[in-house]
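The values are calculated or read from the model by the stated rules, or taken from the named source; none is laboratory data. Not measured: the values here are computed from a predicted model. Cβ coordinates were reconstructed from backbone atoms using ideal geometry, including for glycine residues, and neighbour counts include every protein chain displayed.
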Ligand code: SF4
């Protein structure tokens, strides 16, 4: 009897998060405390690790009371008002806005007329994009909210970088169907390429395994999207934030178990999950042959 555990080689931090976490670690090697405006990554376990190294997560209100300090801007980016606040309070910014998000912010600032953003209301990246649009943006979370759009005026639609590319396409088609003059709709496909590729690969991964353990922080919007994607292709998909949530009853002999996660899930957490499964299932399944396929190993 064989049981396999395979870690998805394409899961792990996206480039934007790797860059921000490396920058935080580098700065923490030179100082005992570093402030981060908002959680640098939507993953409680990774955050706790960084907090032990001296990272302090603050909100905008707490930042407004800081003076002459250093604050890290995470990969999601910030609206112009945050930069103005930093200048007013003599705060040095370590700006880790992902270059892909920076480009999107620039595009929105340069686009005239009505702007529609497909994204999560209140999400940090979306707040940054709305700030660049200077009052011209409407945020749509799903197709039920399209009544917020003025279909009689030209529409420029953008997507939050971590949204589901298929859902974005469906939304654009629906908006187009409501417009008399379809040439007035300009679609800016701004789903991050890394995220879009991950969707296609994750579908394959979910279909090629009997059980999927999806590791992600509960605040991660990318995590929610990718978990739903796995679940729709493999009903035996389980989301966990910590190893204690794993239930032995999810598994049976002969299972091929796939371990994957969001763009905010570090690789080391996926490896810990695979190792934990190995120990937990050993006696439960009494497997004679047990193998973990690690994929490309990297810390993140
Ligand atoms: S998902 Fe893409 S755009 Fe968003 S932070 Fe990661 S690399 Fe950057």
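List of remarks:
- Scanning the range 55-70 for residues that are surrounded by 15 or more Cβ atoms within 10 Å (Cβ to Cβ) and either within 16 Å of the ligand (Cβ to nearest atom) or within 15 Å of residue 41 (Cα to Cα) (or both) yields 55, 57, 58.
- Residue selection: residue 219 satisfies the criterion of being under 29 Å from residue 157 (Cα atoms) and either at pLDDT below 90 or away from the ligand (no atom under 16 Å from the Cβ) (or both).
- Any hit, the range 253-262, residues being modelled with pLDDT of 90 or more, surrounded by fewer than 22 Cβ atoms within 10 Å (Cβ to Cβ) and part of a loop (DSSP other than H, G, I, E, B): yes
- Here 229, 270, 243 are screened, and the one residue that is more than 16 Å from the ligand (Cβ to nearest atom), touching a residue at least 24 places away in the same chain (Cβ under 8 Å) and under 17 Å from the mean Cα position of the chain (by Cα) is 270.
- Checking the stated criteria, residue 50 turns out to be more than 16 Å from the ligand (Cβ to nearest atom) and surrounded by 13 or more Cβ atoms within 10 Å (Cβ to Cβ).
- Restricting the range 147-167 to residues that are more than 21 Å from residue 109 (Cα to Cα) and under 21 Å from the mean Cα position of the chain (by Cα), the residue that is surrounded by the most Cβ atoms within 10 Å (Cβ to Cβ) is 164.
- Considering the range 193-214, the residues that are away from the ligand (no atom under 16 Å from the Cβ) and in contact (Cβ under 8 Å) with a residue 60 or more places away in the chain include one that is surrounded by the most Cβ atoms within 10 Å (Cβ to Cβ), namely 213.
- Counted residues, the range 72-106 - those being away from the ligand (no atom under 13 Å from the Cβ), buried (at least 16 other Cβ atoms within 10 Å of the Cβ) and farther than 13 Å from residue 20 by Cβ: 5
- In the range 1-41, residue surrounded by the most Cβ atoms within 10 Å (Cβ to Cβ) [restricted to those that are farther than 16 Å from residue 97 by Cβ and within 14 Å of the ligand (Cβ to nearest atom)]: 12
- The one condition from (1) within 16 Å of the ligand (Cβ to nearest atom); (2) closer than 30 Å to residue 271 by Cβ; (3) touching a helix residue (DSSP H, G or I) at 6+ places or on another chain (Cβ under 8 Å) that residue 190 does not meet is (2).
- Qualifying residue in the range 249-259 (condition: within 14 Å of the ligand (Cβ to nearest atom), outside the structural domain of residue 50 (by TED's automatic domain parsing) and touching a residue at least 60 places away in the same chain (Cβ under 8 Å)): no
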